[in-house]
Amino acid sequence: MAVKRLEYGLILVGLLAFHIFFVDYLSFYLLLFFCFLPVLSLVLTLLSGLRVQVRLEAGAEGGSGNYAVKKRELFAVRMYFTGNSRLGGKRIRVRMSVKNELLRTEETKTLAFAMEKKKQLVSFPVSSEYCGNLTCRIRQVKLYDYLWLFAFPIKEAAEICAAVSVKPDIRPYQMNLRDQPAWDWESDEYSAEKPGDDSSELFDIREYREGDRISRIHWKLSSKRDELMMKEGSLPVSSRILLALDLAGTADGGGLADSLVETAASVSWFLMEKGICHRVGWWQEAETGGQFLVRKIEDEEAFHQMLHEILSSGRGAESMNVIAGCLEEEHISRILYFCTGLTEKEAVFLCGEKEAASISIFQMKKTGDTDRISGRGEKGQEPGEAGRAAAESLGAEWRVLKEGRQAEGMKGFEI
């Protein structure tokens with residue numbers, strides 16, 4: 001390392017000055033010894049072998065696959081080093097990073113240690129205050145001689161990674177359900193409680209009632225029972241509720257993004273537990289730009305898969321991209337839009353184009369903040385209030401949620 005090389009250089013300069021001013025055998029042999037000491041260290045390092053294998057684990061020891069923890073929960077990152085060293089004391093320096101794929105934040109850590117002859121375990125604790133998929137990655141491994149002067153990169157160990165998922169808290173919000181089952185004539189799913197007009201799927205057979213259409217008579221069964229029996233069609237149902245997650249405006253810190261994901265996930269879990277099929281949409285960042293993804297949530301497995309994808313989505317999308325994705329979704333009667341605020345143009349674009357849908361907008365704010373959008377309000381309004389006024393004038397519901405206190409804002413909300 002640079003510090004060790006500087007220290008060695010200063011020692012050589014000091015010994016050289018000592019030899020110049022005090023010419024004798026002692027000063028000469030001391031200077032000669034320190035000149036050949038790096039060569040000796042290098043030779044011993046080469047003789048002990050340069051092959052080192054590295055294995056990285058995060059979470060439970062010996063575990064495989066994606067390991068999940070709660071926010072602020074400590075978990076261990078372990079690096080296993082194995083080699084064929086004939087001598088102990090190999091100097092190893094590791095540079096690794098821990099990246100939150102949701103927030104796109106990254107921390108680096110450098111470790112230096114002396115390895116034993118055959119094996120060495122290096123472990124350190126990690127935790128995250130915010131949710132997101134964490135990628136623990138080894139960026140660089142270097143093997144040094146005994147004096148830390150010569151470095152040999154271990155290329156095979158670079159870019160080894162392990163993943164840990166930090167889940168958001170799922171909170172039991174006090175919400176109410178509307179007794180309005182969604183229906184969709186193009187759906188392959190049917191209501192188990194109410195009949196409909198889709199004759200391709202039989203719901204029930206009953207006795208004739210005055211006013212029933214002749215086309216619904218079950219002639220074969222009626223002839224057997226000597227009374228008119230009617231066929232009832234089924235009512236197609238579909239996932240007509242869309243939860244849209246807009247993480248634009250959360251780049252200042254992780255708290256807003258964490259609270260938005262937590263709120264959307266809690267509402268989705270609530271609907272899933274009630275047996276209500278719904279959709280969740282968000283903007284997925286990619287190297288080539290990104291896309292609006294939508295996942296259908298029917299059961300717990302689909303919920304956890306959706307949540308895992310969101311925790312790697314990033315947060316750099318513009319609100320217009322998310323709104324455009326919402327507008328492209330067909331057969332939607334209810335939109336729950338989670339964001340940090342909308343401009344007047346964005347609010348009109350969302351609420352004006354999707355007139356057939358009932359829209360509820362949830363604006364997440366930091367405690368004490370007014371709005372993420374500064375300088376866009378009308379004269380006499382708080383910044384960003386123009387977006388809220390535009391949305392409400394078009395019939396949308398607007399709720400303000402406070403970071404860390406979302407349950408208060410969600411109380412009594414009717415889906």
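The values are calculated or read from the model by the stated rules, or taken from the named source; none is laboratory data. Remember, predicted model here, so these are calculated numbers, not experimental data. Cβ sites come from the backbone with ideal geometry, for glycine too, and all protein chains shown count toward neighbours.
Consider G341 carefully, then state whether it is in the same structural domain as K402 (by TED's automatic domain parsing), on the phi > 0 side of the Ramachandran plot, modelled with pLDDT of 90 or more and surrounded by 15 or more Cβ atoms within 10 Å (Cβ to Cβ). Let's see the steps before the verdict.
Numbers: in the same structural domain as K402 (by TED's automatic domain parsing): yes; on the phi > 0 side of the Ramachandran plot: yes; modelled with pLDDT of 90 or more: yes; surrounded by 15 or more Cβ atoms within 10 Å (Cβ to Cβ): yes.
Yes: the conditions hold for G341.
Could you please find all residues in segment 138-163 being under 29 Å from L103 (Cβ atoms) and either crowded, with 19+ Cβ neighbours inside 10 Å or aliphatic (A, V, I, L, M) (or both)? Steps first, answer last, please.
Start the filter on segment 138-163 by keeping residues that are under 29 Å from L103 (Cβ atoms), which leaves 138-141, 157-163.
Selection gives I138, V141, A157, A158, I160, A162, A163.
Tell me whether segment 238-245 contains one or more residues that are at pLDDT below 75 and either in the same structural domain as N100 (by TED's automatic domain parsing) or crowded, with 19+ Cβ neighbours inside 10 Å (or both). Before you say what the answer is, go through the steps one by one.
So the first thing to find is which residues in segment 238-245 are at pLDDT below 75, and the list is 238-239.
Cutting the leftovers down to either in the same structural domain as N100 (by TED's automatic domain parsing) or crowded, with 19+ Cβ neighbours inside 10 Å (or both) gives us 238-239.
Taking every residue of segment 238-245 in turn, at least one turns out to be at pLDDT below 75 and either in the same structural domain as N100 (by TED's automatic domain parsing) or crowded, with 19+ Cβ neighbours inside 10 Å (or both).
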(request) Just give me the residues in segment 19-60 being modelled with pLDDT of 85 or more and among the charged types (D, E, K, R), in sequence order. (result) R55, E57
(message) Step by step: first the residues of segment 61-70, then only those that are closer than 26 Å to V94 by Cβ and at pLDDT 85 or above, then the one that is surrounded by the fewest Cβ atoms within 10 Å (Cβ to Cβ). Which residue is that?
(response) Y67
(request) Could you please find all residues in segment 100-119 being under 30 Å from A68 (Cα atoms) and surrounded by fewer than 18 Cβ atoms within 10 Å (Cβ to Cβ)? (result) R104, T105, E106, E107, T108, K109, T110, L111, A112, F113, K119
(request) Can you run down the residue pairs with Cβ atoms below 7 Å, 6 or more apart or on separate chains, where the first is in segment 209-222 and closer than 13 Å to G233 by Cα and the partner is surrounded by 10 or more Cβ atoms within 10 Å (Cβ to Cβ) and among the hydrophobic types (A, V, I, L, M, F, W, C)? (result) D212/M230; R216/M230; I217/L228; I217/M230; H218/I205; H218/M229; H218/M230
